[in-house]
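To keep things clear, I will list the structure first and then write my remarks on it.
Read the figures in this text as sums done on the coordinates, not as results from a lab. In this text the structure is predicted, and so the values were computed from the model without any measurement. Using ideal geometry, Cβ is built from the backbone for each residue, glycine included, and neighbour counts are taken over all protein chains shown.
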Amino acid sequence: MIAYPLHKKNFEMQRLNLNHLHTYSCVIACGSFSAAGEKLGLTQPAVSLQIRQLEQRLNVRLIERVGKRIKATSPGNLLLEHIIHIDAAVEHALLDLATHAQEVAGIIAIGTGATACIHLLPPILQTLRQQFPALEVRVSIGNTESVVKAVEENRLDLALVTLPATGRSLAVTPLMDDVFVAIFSAEETQLPEQVTPATLIPYPLVVFEAGSSTRALINQWYAESGIRIKPVMELGSIEAIKEMVAAGLGYSIVPSLSVAAAHHRRGLQVRRLTPALDRKSTRLNSSHNHDL
């Protein structure tokens, strides 16, 4: 059995050319094909063709001559009434779409480390949501190496990572310097006046896990003073490190960003390092998407 759509003829009739409708209303308003052609920027034969095609589509006669002028037939007048509503509907549709077109919308994928995600991104993401409610932001957390690779492979649109960060076809934008600080339990009473690699040797060190850029910087800071560290604990999260230090299990060296807010340094004492130690945070995105 072969199935055909119901009211096939009516279905075909609905597929009207909006340009033909506009041309028809212009012909009636101007009173001639030539005058309508001048107004529309069309030749008279082109206007006549459009009217003929419209009449063939509707299977009715739309125009009749009265002396030297032309006017709408009865079906033509009925069509003009519908054209008014059609034009209004099209205008409303265009206005609605224009509103959406002016909005910043879509999905943007960002990669970063855990510290930046917790302590740096929240106010930025809050501002983005307020200014661009139609924009969906997806955040992925990883180490610098994995995040950079994801940007290179276009799985992420951009990333906020710490230097060093190298890769192919990347646009790099330095953003900020993050100074490292030493943290101790708030219960610790005998702290050195000056926090140097040498004065920290007697204290148990709780530090970020080996293999990360953060750990590499800390190792280098000690190495420049001829000291090789022997941590009592190595953890993969700075937040976990802070909890261990607050519990009195040792001291640590962390980015100042992680203890900048009062509620993020609860239970801790913060001291500056001598010599100073810092790292640079940078924005990465594919050089093919440098406008992001």
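Descriptive notes on the structure:
- Sites listed here are GluC sites (Glu not before Pro) in the range 109-211 whose DSSP assignment is loop and whose Cβ has at most 16 other Cβ atoms within 10 Å: GLU153, GLU187, GLU188, GLU193, GLU209.
- Euclidean distance between Cα centres, the range 217-263 to the range 188-207, Å: 11 Å
- Each label point was placed 7 Å from the Cα along the Cα-to-Cβ direction; for GLN131 and GLU81 their separation is 5.2 nm.
- For the range 23-62: relative contact order, % (alpha-carbon pairs under 8 angstrom, 6 or more apart): 32 percent
- Label sites at ILE229 and ARG69, each approximated as a point 7 angstrom past Cα along Cα to Cβ, lie 9.3 nm apart.
- DSSP-loop trypsin sites (Lys or Arg not before Pro) across the range 18-70, with at most 12 other Cβ within 10 angstrom: ARG61, LYS68
- Ranked by the mean number of other Cβ atoms within 10 Å of their residues, highest first, the peptides 18-24, 75-81 come out as 18-24, 75-81.
- Where labels lie 7 Å past Cα in the beta-carbon direction, separation of GLU153 and THR173 in nm: 2.5 nm
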